[in-house]
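Any read-out appearing in this document is the output of simple, stated calculations on the displayed coordinates, not a laboratory observation. Model, not experiment: these values are computed from the prediction. Glycine gets a Cβ as well: all are built from the backbone with ideal geometry, and neighbour counts include every protein chain shown.
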């Protein structure tokens, strides 16, 4: 048997088999592309929430450092994110200007972080009375809200809660 006879007996792939293999390969590549798009979107959302978390935590720490009777810590009546929230005003918090900026003409409470993402910042305060002494407030619960709207992921929100205790002197 010569080489020509051997080559004639070999069967190659048909056009149909090649097309089926290409379709399977295309489906696999599309699945990988879809996974990459989702991973990128999740990464962007994670970065925005991390930035929101940092700004909200900074504001919460500043609020906790204020005197107990400061106007920024006046009770709003509840700890529910609603129209009664205290709205962030940059002029009242010069310490925050290194972290954020307020865009000209923006709605009240709108801030922008260093990466250019726009957020809504507000907080609620609830007075907690001393059960043993009528009219005395022993601590305040503070809840900070940081919301961001995103084209890809919709609205996301970071909520943080802390308690500020009345500073009571132990010296008579």
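What distance in nm separates the simple spin-label points at residue 26 and residue 130, each placed 7 Å from Cα in the Cβ direction?
Distance between label points: 7.7 nm.
Cβ neighbours within 10 Å, averaged per peptide: list 82-93, 31-42, 137-148 in order, most packed at the top.
137-148, 82-93, 31-42
Which of the peptides 104-113, 20-29 is most tightly packed, and how do the rest follow, judged by the mean count of other Cβ atoms within 10 Å per residue?
Answer by packing, highest mean first, reads 104-113, 20-29.
Taking P(r) over Cα pairs in 5 Å bins from 0, in percent straight from the coordinates, which label in [x] 2, 9, 18, 21, 20, 16, 9, 4, 1; [y] 1, 7, 13, 14, 12, 9, 7, 6, 5, 4, 3, 3, 3, 3, 3, 2, 2, 2, 1, 1, 1, 0, 0, 0; [z] 1, 8, 15, 17, 17, 15, 10, 5, 3, 2, 2, 2, 1, 1, 0, 0 is the correct one?
Structure-derived value, by its label: [y].
Determine the gain in length on full extension of the stretch residue 141-residue 40; use 0.36 nm per residue of separation and subtract their C-alpha separation, reporting nm with one decimal.
32.7 nm
Roughly speaking, what is the centre-to-centre gap between the range 26-56 and the range 94-123 when only Cα atoms are used, to the nearest Å?
24
How tilted is helix 15-65 with respect to the longest principal axis of the chain? Cα atoms for both, answer in degrees (0 to 90, nearest 10).
With both axes taken from Cα atoms, the answer is about 10 degrees.
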